[in-house]
Amino acid sequence: MAEYYGWTGKTLRVDLGAGSIATEDTVARYRDYLGGTGIGYKVLWDEVPAKTKSFDEANKLIVAAGPLTGTSAPCGGRTSVTAIFPTVSPRELVATGHMGGEWGAELKYAGWDAIIIEGRANKPVYLAIIDDQVELRDAAHLWGNGILRATSAICQEMGPETQVAAIGQAGENLVRLATIVNSYSHSAGGVGGVFGSKGLKAIAVRGSGAVRIAADKKAWRDLIRYVLSLFGANNQHVVPSTPQPWAEFSSPGSRWTARKGLYWGAADPPVETGECRADDLNRMAYRTAKATYDLGPNAEPFTVRMGGCHSCPIRCHAHLDVPSVEKHGVSRYSASTCVGWGARNFFRSFPDGRRGMTSVEAAVVGRNLADDFGIWTNYGQLQRDFRYAYDNGLIQANLPAAEYKSIPWERYEAGDPGFLQEIYRRIAFKEGEFGQAFAEGSGRLAERWKFPDGYYKDRSSGWWKMGHPQHHAADEAGQSGVLINMMYNRDCQCHSHSNFIRNGLPLRIQKEIGAKLWGAGALDEGDNFTRMNPDKARFALWALLRKELHDSLTLCNWMYPLAASPHRSRSYEGDNGAEALLYTAVTGDKKDAAQLDLVAERIFALHRALTVRDMGTMDMRSRHDTVPDWVFDHPADVQPFTPGHSKMDRQDIEVARDMFYELLGWDKKTGAPTRAALERLGLEDVASGLARIGLLPG
Amino acid sequence: MDIPDLIRQASREGQVVRLDEVWNRTEEEFHAQISGHKDIDRVRQGEVCYLYSTDFMARRYAETAARISSGDIPLAIAETVRSESATYPRPTPVETFKGKPFHLSDEQIASAMEIIFGDPRSADIGSVRASDGSVFLYSTDHLNAAQAQSMAERIAVGLHESP
């Protein structure tokens, strides 16, 4: 095969049923889709029949890196795992789980851009990749084990440097709410059950190669340094969380939490994060002291260090040593970030308050159980559903009396972190009605237990649609947030917009930057929203296209886009073309930001086409792009656009849909892509495919 | 250490320097003396001139530090709250006043808030409490109560519950 820059040039195709392994040319087949989700959608469109269900043998798993993965492009460590997704309800549709860690980079070093998994093994296997040596190995001895033991066992078989992405008992037992986890703590949600349905316990990779870069060494080094110079802290927050002499601005919500007197307290000796000036790149890794951000000040003395993914200088992954959790039957060591610590939200309260030490213990106990059984939080919806069901008597009403009695509810009421063993074990093994119901994920749980209408209309339930919660919606970004939350089949997993809105800069500066990128009307004052306008639609589209771009290149959408920077000398502007600079330097394929956004639009449109095809309707507008009632109806006694509230107006959101569809050239009546829109993106075959089944507008 | 270096050192540590503590002649003479040190700038609090280095300290921080150095803590808190309500805009967590550049104790903050809420000159300063119990101050000149409440809830709880 030819040699390429960025891409290794090879995609692995593994038929588990036949036990066959084949090699395909990545660039010839998938270059127009970059990698990651782009390859995933393309394979599903070309090869998986409409209306395939997630656990059908015909479903395929596309585990894909991208041209930037494994390079030293900052934060180029993500991997996208695309399939017909088990938690989408009522009909299973395309979606992607995303994982960080070193796994994607290792795949590239082994010489592969992506793996297409098809068929079903007749006995448990794991896929072992050591450079060009690829084989399916017996996994009978691993089946039934948690992720920690399976990962350790495979590393003993293949070498300690092996990167292992494995499922736990939840995935094996076809729990819809299951993950795959690599490096013990980097998980991709929702796809664990698809692995299980195929009899695939793990994919283990060891590589000794490198990723070729088109740019010369100096140009590449200069570019990396430039991009790093634009970085803030996690989520591209560009001001510190506390007033610091060097900083013109600060924001208490910022993840740039480093300050004098804040320590990685369990390091030996303790390490002070100190003040990390924006111009001091060598201290960038101290900026984000995430344990205290996620878990409160009680986490400081238990923080060993901050970890993270390949080529990431930000380190958002807190590594903790909490000896007191051993009494709950889990390891004292734990690592995670954000909702990975969310198990504490199963509880209404703890004896020492919501952010007390018991809360930290619950977070660690829950994290360790979830990432060993391989259970997905669904962006916290598992915990919200549990609370809703418990508080409204739905658990008691739906469980047989003996099963309900077998659960030690007094430990739950007491805020005992050890209670989490009951929850996670029952879900992982689908024990009883409790385990079977929660294993199904939010949509099917609500249907199975006949959650009342109030669940869907209650803002605190978090429910958005199709079995998934809101993810940075109207509360933060008004109509733009609503549009972004409409578009996917799972929660939107988009941070482009929320990163910018939360970056900590004064609104005046945000608006100045926003005016250049999307137009003067794109941003509103916090909690003081105005009516829809075309700039808000542009903001939403930018956010979505960049998310799709990041999941395909791959880059971390928790850092990019770099719309803002921490530098007064740049008027706090970042570089909206950073991704294009990196892509061009790595691949040698010269593209500016607009050209790369067009590729992202192709990928985004293909996702839409897949959704149209598999739902069997063009009517995305009313049947897919839905908004929960609480967005419009809560609180009952205030009008939309009242300062202090994010309440939206139904007619105004209709206008938002019109403006958004128009930007993409989609049919306004249905929200489906038109032939012209698809052909503009080089998707003539997709247009013809939709036309053949009567799902192309016009 | 000469005066510019002393100012730089203080700025690095988050402190402003009172001119009259390092210079016993006129302000004009001082500025003539340090005209070659482009990073040395001044902020004024009443009649008092404070010095800082722009290489190590932002002007906004220097202004706050000068207010605190003047000893009028209630004024320093009220002005910071007004500034944040106008600039970002957002309410200010009371917790902020425990750290740099304020370094106030719980007792000092409580005492200052009592003065603020009883002083007609700070009638625009209001407070809201988030559901986790944390207290925020805001200026009614720039935020209304509902906005302040909702922003406080997001900062104290929402950002952590919906990361």
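Just so you know, all these numbers are worked out from the coordinates, no wet-lab data involved. In this text, all values refer to a predicted model and were calculated from it rather than measured experimentally. Please note: Cβ atoms are built from the backbone with ideal geometry, for glycine as well, and neighbour counts cover all protein chains shown.
Quick rundown of the values:
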quantity: Number of partner chain Cβ atoms within 10 Å, mean per residue of B:42-54; calculated: 0
quantity: Candidate lysines - alpha carbon under 26 Å from A:K327, same-chain residues fewer than 8 apart omitted; calculated: A:K290, A:K405, A:K430
quantity: Quotient of C-alpha Rg and 2.2 N^0.38 Å, computed over the range A:27-89; calculated: 1.23
quantity: Calculated [θ] (222 nm, deg cm²/dmol) that DSSP helices of n ≥ 4 give over chain B, each run adding -39,500 (n - 2.57); calculated: -12500 deg cm²/dmol
quantity: Relative contact order (percent, whole number), the range A:27-163, Cα cutoff 8 Å, 6+ residue spacing; calculated: 20
quantity: Karplus-derived HN-Hα couplings along the range A:347-363 (A = 6.51, B = -1.76, C = 1.60, θ = phi - 60°), whole Hz, x at Gly and Pro; calculated: 8, 6, 7, 10, x, 10, x, 5, 10, x, 5, 4, 5, 4, 4, 4, 4
quantity: Computed [θ] at 222 nm, deg cm²/dmol, chain A (DSSP H ≥ 4; -39,500 (n - 2.57); rounded to nearest 500); calculated: -10500 deg cm²/dmol
quantity: Rounded, prolate or oblate (a/c below 1.5 giving rounded, otherwise prolate when a/b exceeds b/c) for the range B:67-129 by Cα gyration tensor; calculated: rounded
quantity: Cα-Cα separations in the range A:422-513 greater than 19 Å, expressed as whole percent; calculated: 55
quantity: Isotropic mean projected area of the C-alpha convex hull, the range A:596-641 (nm²); calculated: 4.9
quantity: For chain B, built as a Gaussian network whose Cα springs stay under 10 Å, the top-fluctuating residue of B:G36, B:G126, B:G118; calculated: B:G36
quantity: Cα gyration tensor, the range B:1-99 - rounded (a/c under 1.5), prolate or oblate; calculated: prolate
quantity: Radius of gyration and maximum dimension Dmax of the range A:515-641, Cα, Å; calculated: 17.9, 58
quantity: Pairs beyond 18 Å (Cα-Cα), from A:K516/A:K647; A:K42/A:K590; A:K42/A:K668; A:K218/A:K547; A:K10/A:K42; A:K536/A:K669; calculated: A:K516/A:K647; A:K42/A:K590; A:K42/A:K668; A:K218/A:K547; A:K536/A:K669
quantity: Span from the the range B:27-46 Cα centroid across to the the range A:466-513 one, whole angstrom; calculated: 46
quantity: Pairwise Cα inverse-distance average, inverted: Kirkwood Rh of the range A:366-446 (Å); calculated: 12.8
quantity: Sequence-separation-based contact order of the range A:498-625, relative, with Cα cut under 8 Å and 6+ spacing, percent; calculated: 17
quantity: Cα-based Rg / Dmax (Å) for the range A:241-366; calculated: 14.7, 47
quantity: All Cα pairs of the range A:157-198, percent lying beyond 14 Å; calculated: 42
quantity: Computed over chain A: relative contact order in percent, which uses C-alpha pairs under 8 Å that are six or more apart; calculated: 14
quantity: Low-density loop cleavage sites - trypsin sites (Lys or Arg not before Pro) in the range A:42-83, where at most 16 other Cβ are within 10 Å (DSSP); calculated: A:K51, A:K53
quantity: Rg to Rh quotient for the range A:69-109, alpha carbon positions, Kirkwood Rh; calculated: 1.16
quantity: Sparse-neighbourhood loop sites, GluC sites (Glu not before Pro) in the range A:1-84 - DSSP loop, at most 11 other Cβ within 10 angstrom; calculated: A:E3
quantity: Reachable lysines, given that their alpha-carbon falls under 17 Å from the alpha-carbon of A:K53 and they are not under 8 places away in the same chain; calculated: A:K198
quantity: Dipole magnitude of the protein assembly as shown, debye to nearest 20 (Cβ charges: Lys/Arg +1, Asp/Glu -1, about Cα centre); calculated: 1400
quantity: Loop-located GluC sites (Glu not before Pro) in the range A:140-189 whose Cβ has at most 15 other Cβ within 10 Å (DSSP); calculated: A:E161
quantity: The range A:508-569: C-alpha gyration tensor shape, a/c 1.5 cut-off, then a/b vs b/c; calculated: oblate
quantity: Rg/Rg_ref, the protein assembly as shown, where Rg_ref = 2.2 N^0.38 Å and atoms are Cα; calculated: 0.95
quantity: Kirkwood Rh (inverse of mean 1/r, distinct Cα pairs), the range A:146-295, angstrom; calculated: 18.7
quantity: Euclidean distance of C-alpha centroids, the range A:132-187 and the range B:72-113, integer Å; calculated: 51
